[in-house]
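To keep things clear, I will list the structure first and then write my remarks on it.
Coordinate-derived values only; no laboratory data. Here the structure is a predicted model, which means the values were calculated and not measured. All Cβ positions, glycine included, derive from the backbone under ideal geometry; neighbour counts span all protein chains shown.
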């Protein structure tokens with residue numbers, strides 16, 4: 001019975017792919033006509049796509065920028081505005097080298113309060129969780145080393161279990177309560193009450209530990225750069241200097 | 001083979017020759033995106049758009065497409081509309097777009113759409129091709145929503161994100177996982193097979209009764 | 001370039017996120033071909049071959065051509081895949097007519113195998129480099145072959161069992177697939 005199924009499905013494909021276009025061994029319509037038809041069709045298709053793309057691209061980019069903005073402000077409460085700093089040749093700078101592609105560079109977001117002072121830094125990172133890659137963004141105060149918030153941006157963890165990393169409000173709230181970096185994950189109730197402890201989720205240990213690990217890994221990764229000083233200037237300048 | 005009527009063209013794809021449940025085409029999306037009704041509807045809408053536009057275009061251009069390159073031409077047409085659907089979805093329904101992910105692009109290799117072009121649109125008028133496409137699209141939607149509903153209700157206890165059963169319902173999480181996709185379609189097919197079997201038995205019995213009386 | 005290690009990509013593609021049992025790609029051959037282990041094995045190997053070629057082509061396209069026109073991705077991918085399969089078919093026909101006959105109609109079916117296009121798209125979305133993409137392709141192919149062979153061997157045994165009439169055919173295959181998928185869930189969290 002399965003063979004019959006294959007035949008019904010394949011009847012179309014097999015018969016037709018056999019007669020699909022390939023170069024000179026061909027009789028029937030002239031090769032020129034074949035190629036010309038496909039070329040014209042291709043050109044029209046391309047045109048249509050380009051037109052729709054022109055229309056939709058700005059909408060899509062606006063939405064993505066808005067989502068990122070929302071996420072940054074969410075993990076940096078109290079921040080009035082932020083600048084995106086790219087890691088270029090080991091230095092933090094707002095300006096990318098000419099002709100550079102934005103997505104090739106690691107970046108972080110430095111937030112400023114209404115007084116213009118640096119209020120927090122937000123970093124986004126993704127690593128494997130239980131099921132697939134977890135992408136999150138978190139904020140912290142570079143002076144105190146305490147977190148200000150965390151938001152899971154993308155996750156494909158198991159529904160009902162791993163997805164608690166963003167659905168369990170108590171778990172998420174911990175990252176907004178100022179735990180000290182680097183974090184240490186402890187089983188709920190088993191902690192010693194130290195400032196860097198974060199409770200993991202029972203039943204979603206691996207996913208919740210992954211969140212903690214991602215944050216710590218990001219901090220390890222950025223530590224050398226951050227130790228050299230956070231640029232305090234507004235867009236354009238990058239004064240490195242000790243914190244006040 | 002006798003020519004089909006226009007209403008037949010429209011209706012047969014909906015149930016009798018349902019692309020997913022009877023012809024077993026388009027299984028990849030049917031299983032992958034039916035973990036919630038919302039996703040099922042979004043995928044169905046995108047596929048409906050692609051199949052209708054493709055069928056109309058293929059049917060209008062059938063005179064210009066040489067026989068030897070027809071499959072490549074169909075694929076080109078389908079791929080174009082899938083690209084358009086992808087862009088429009090990303091612009092106007094970004095959340096759904098993220099959930100469906102790569103499967104929007106995979107509409108291109110949905111054997112169902114290619115099959116309709118080869119079997120029908122290439123040989124029939126534009127209007128009939130549109131009817132055929134719409135029927136197939138609706139059939140696809142029904143199959144997907146059925147699966148999506150089953151999986152979402154049992155797997156999360158909600159329908160279109162509205163909780164149905166209250167806080168004490170323990171959801172059968174397996175159904176929103178990949179395994180559940182296979183099992184759901186399997187159960188639906190079994191149920192359909194069983195109903196069909198009963199119908200045939202009853203028809204046989206009445207035939208026997210008539211013959212012996 | 002993605003930061004995933006080669007081992008994690010490979011292992012994930014073979015078992016943790018098995019292309020067929022977890023990602024639902026490659027179902028057409030899975031449902032139809034998988035009645036005999038030998039056919040399943042051959043189909044799987046043909047797929048690994050095509051997947052590897054696709055991965056390389058996708059990487060070339062992404063790196064050199066699609067930077068300026070990312071919206072042409074779907075079209076260019078499918079055209080390349082269709083051509084690749086055609087070339088593979090002609091090559092096999094020329095160098096091993098026996099193999100060609102054995103694979104029969106399954107070969108052109110690889111074009112509409114969602115796994116091939118799916119691989120190209122996943123590779124793009126995850127930003128894999130050249131080596132990562134290759135590892136992904138081989139892993140995915142092996143995972144696919146594994147699923148095909150498992151399904152075929154189960155079906156071979158099931159042929160001797162007493163299955164109710166209504167369940168015979170695709171319904172049964174799907175339920176077996178569901179059980180296999182559940183079994184593979186055990187691999188989750190291994191990485």
| message | Please give the Cα centre distance for region A:190-208 versus region C:49-64, rounded to the nearest Å. | response | 43
| said: Please list, short to long, the whole-number percent of alpha-carbon pairs of region A:76-227 in consecutive 5 angstrom bins beginning at zero. | reply: 2, 9, 18, 21, 19, 15, 10, 5, 2, 0, 0
| said: Running a GNM on chain C with Cα contacts under 10 Å, which residue among C:48, C:56, C:92 ends up with the highest mean-square fluctuation? | reply: C:92
| message | With 22 Å as the cut-off, how large is the P(r) tail for chain C, expressed as percent of Cα-Cα pairs? | response | 49
| field | Residues in region A:36-72 reached by a label modelled at residue A:153 [backbone nitrogen below 19 Å; 7 Å Cα→Cβ] | value | A:59-72
| said: Along each principal axis of its Cα atoms, how long is region C:91-163 end to end? Whole angstroms, biggest number first, please. | reply: 48, 34, 19
| Which whole number gives the average count of other chain Cβ atoms within 10 Å of the Cβ atoms across peptide B:169-176? | 2
| field | All-pairs Cα distance distribution in region B:95-171, expressed in whole percent, bin size 5 Å | value | 3, 13, 14, 18, 15, 13, 10, 7, 4, 2, 1, 0
| remark: Taking Cα atoms, the helix C:114-125 axis meets the longest principal axis of chain C at an angle in degrees (rounded to 10) of 40
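Roughly how crowded by other chains is peptide B:27-34, in terms of the mean Cβ count from those chains within 10 Å of each of its Cβ atoms? Don't jump to the answer; show the numbers that get you there.
Values: counts 8, 14, 3, 2, 7, 7, 1, 1.
So the per-residue partner count for this stretch is 5.
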| query | Based on the Cα gyration tensor of region C:6-101, what are the three equivalent ellipsoid semi-axes, each the root of five times an eigenvalue, rounded to whole Å and given largest first? | reply | 25, 21, 12
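Arranged by the count of other C-beta atoms within 10 angstrom, fewest first, what order do A:163, B:132 take?
A:163, B:132
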| If only Cα atoms are counted, what is the Rg of region C:121-191, and what is its Dmax, in Å? | 16.4, 50
| message | Which three extents, in angstrom, do the Cα atoms of region B:112-213 have along their principal axes, listed largest first? | response | 54, 50, 22
| Among B:192-203, B:160-171, B:144-155, B:53-64, what's the highest-first ranking by average C-beta atoms within 10 angstrom per residue? | B:144-155, B:53-64, B:192-203, B:160-171
| request: Go ahead and estimate [θ] at 222 nm for chain B from helices alone: -39,500 (n - 2.57) per DSSP H run with n ≥ 4, summed, over the residue count, rounded to 500. | output: -22000 deg cm²/dmol
| remark: Zone reached by a paramagnetic label modelled 7 Å from residue B:200 Cα along Cα→Cβ, restricted to region B:20-60 with backbone N below 16 Å, covers B:22-23
| message | Taking the beta-carbon count within 10 Å as an exposure proxy, list B:156, B:125, C:54, A:93 from fewest neighbours to most. | response | B:125, A:93, B:156, C:54
| request: May I ask for the angle, rounded to the nearest 10°, between helix C:73-95 and the longest principal axis of chain C, with both axes built from Cα atoms and the value confined to 0 to 90°? | output: 60
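Taking the alpha carbon gyration tensor of region B:6-212, what are the square roots of 5 times its eigenvalues, largest first, to the nearest whole Å? If you can, show how the numbers build up before the last one.
Values: eigenvalues 190, 153, 30 Å².
Those come to 31, 28, 12 Å.
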| message | Using the basic label-point model (7 angstrom from Cα toward the beta carbon), what is the residue A:60 to residue B:160 distance in nanometres? | response | 2.8
| said: With angles folded into 0 to 90 degrees, how steeply does helix C:170-184 sit against the dominant principal axis of chain C? Use alpha carbons for both and round to 10. | reply: 60
| remark: In Å, the C-alpha Rg and Dmax of region B:64-106 are 13.5, 41
| field | residue C:130 versus residue A:39: modelled label distance in nm, points set 7 Å from Cα along the beta carbon direction | value | 3.2
| query | Which whole number gives the average, over all residues in C:124-135, of C-beta atoms from other chains lying within 10 Å of the residue C-beta? | reply | 1
| task | Would you kindly state how much longer the chain becomes between residue A:95 and residue A:70 on full extension, computed as 0.36 nm times their sequence separation minus their alpha carbon distance, in nm to one decimal? | result | 6.8 nm
| Kirkwood hydrodynamic radius of region A:85-164, Cα pairs, Å | 14.7
| query | Sorted from fewest to most neighbouring beta carbons within 10 Å, what does the list A:124, B:158, A:30 look like? | reply | A:30, B:158, A:124
| So what is the diffusion coefficient of the protein assembly as shown in µm² per second by Stokes-Einstein at 37 °C and 0.692 mPa s, using a Kirkwood Rh over Cα pairs? | 122
